[in-house]
Amino acid sequence: MDKELAVSVKNLRFAYAKRNNQVLHGLDLEVRKGQIVALLGGSGSGKSTILSLITGQNDVQDNGSQVKVLGYDMLNISRRRLYQMRRQIGMMFQVSSLFTGMSIFDNVAFPLREHSKLNEEQIKDLVMLKLHAVGLRNSWRRFPSELSGGQRRRIELARAVALDPDLMLYDEPFTGLDPISLTVSRDLIRDLNFGLGITSIIITHDVPETFAIADYVYVLWQGKIVSQGTPAELMESDQPLTRQFIKGETDGPLPFHMPGSSYADDLRLHEHAGTQA
């Protein structure tokens, strides 16, 4: 694996055995250290499945697929090394993951207490530093229910970077945010990536905010990469699906109606059924 790569994925194919359906179809992608890379696509395109394979929540299948994360081979990783790797990764989830019965301070301190040997004085200093970085140092005594949705997202980000991870993963980080909170969160992702010298992967379908901070973007559809490049390159793309998704056009290869029989055929079927009755 190239030492400059944080994540390397080659010929990634994956199927959920119980569902008997192929989700990923031979993907190749790279994430260079220090980059912000976005995986862009609609629901069901395979974005979250890629995250689950990067973090070891699902096992990489021995079908020619290769996934290497921070130098770890995810096809042949032991449980001990998997846990070691996960300590180098920060994760911001799509839905709120804060502990509602804990104060803001204790939420951010939680990973430090669980995965470090720091004493409480050192933990206090680090927690206040991380809260200051997201602009919420003075909220440390409060509880999640006392904060707005945008503020809670910033606390989740502070907790995710508490252990100074090498790799940050964001699962739909802009969902449900008002315009101001969205801009604040977007800028925080960019500033923390640069300030902490980390690498970030963003799973999203929010085009404008992602293009404002991403170094490189992969566009996925039905488990395949249909295009890739810098935001500027993709804005000029003439690939039909990419152009439709990025510009939010209603006409194009992405259908509004689920594929199947025509509406006229369905009407005739129901009329026939009614006659038989």
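Numbers below:
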quantity: Members of the stretch 236-250 that are without any contact (Cβ under 8 Å) to a residue 12 or more places away in the chain, farther than 14 Å from residue 211 by Cβ and part of a loop (DSSP other than H, G, I, E, B); calculated: 238, 249, 250
quantity: Pick from the stretch 52-101, criterion in a loop (DSSP other than H, G, I, E, B) and among the β-branched types (Val, Ile, Thr), ranking: nearest to residue 175 (Cα to Cα); calculated: 95
quantity: Residue list for the stretch 118-141, restricted to those being more than 29 Å from the chain's Cα centre (by Cα) and in a loop (DSSP other than H, G, I, E, B); calculated: 118, 119, 141
quantity: Residue check for residue 3: part of a strand (DSSP E or B), over 23 Å from residue 235 (Cα atoms) and open to solvent by 20 Å² or more (accessible area, probe 1.4 Å); calculated: no
quantity: Scan of the stretch 225-245 for residues that are open to solvent by less than 60 Å² (accessible area, probe 1.4 Å) and within 18 Å of residue 36 (Cα to Cα), ordered by number; calculated: 225, 227, 229, 230, 231, 234
quantity: Residue list for the stretch 159-173, filter: under 16 Å from the mean Cα position of the chain (by Cα) and either at pLDDT below 85 or open to solvent by 50 Å² or more (accessible area, probe 1.4 Å) (or both); calculated: 166
quantity: Residue ID - nearest to residue 152 (Cα to Cα), chosen from residues in the stretch 110-131 that are in contact (Cβ under 8 Å) with a residue 40 or more places away in the chain and of a type in the set (A, V, I, L, M, F, W, C); calculated: 110
quantity: Candidate set: the stretch 91-101, residues that are over 17 Å from residue 50 (Cβ atoms) and modelled with pLDDT of 90 or more; chosen: the one most open to solvent (accessible area, probe 1.4 Å); calculated: 100
quantity: Residue list for the stretch 197-215, filter: closer than 23 Å to residue 164 by Cα, part of a loop (DSSP other than H, G, I, E, B) and either without any contact (Cβ under 8 Å) to a residue 24 or more places away in the chain or out of contact with any Gly (no Cβ under 7 Å at 6 or more places or on another chain) (or both); calculated: 198, 214, 215
quantity: Qualifying residue in the stretch 196-211 (condition: within 27 Å of residue 97 (Cβ to Cβ), modelled with pLDDT of 90 or more, open to solvent by 10 Å² or more (accessible area, probe 1.4 Å) and over 18 Å from the mean Cα position of the chain (by Cα)); calculated: yes
quantity: Test: residue in the stretch 60-68 that is touching an Asp or Glu at 6+ places or on another chain (Cβ under 9 Å), of a type in the set (Ser, Thr, Tyr) and in contact (Cβ under 8 Å) with a residue 12 or more places away in the chain; calculated: no
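For every residue, the table says whether it meets (1) within 20 Å of residue 5 (Cα to Cα); (2) in a helix (DSSP H, G or I); (3) touching a residue at least 40 places away in the same chain (Cβ under 8 Å).
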residue	(1), (2), (3)
154	no, yes, no
184	no, yes, yes
219	yes, no, yes
234	no, yes, no
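The values are calculated or read from the model by the stated rules, or taken from the named source; none is laboratory data. Keep in mind it's a predicted model, so treat the numbers as computed, not measured. For neighbour counting, all protein chains shown are included, and Cβ atoms are generated from backbone atoms with ideal geometry for every residue, glycine included. We work out accessible area using only protein heavy atoms, side chains counted, and drop any ligands, DNA or RNA first. Shrake-Rupley method; radii C 1.70, N 1.55, O 1.52, S 1.80 Å.
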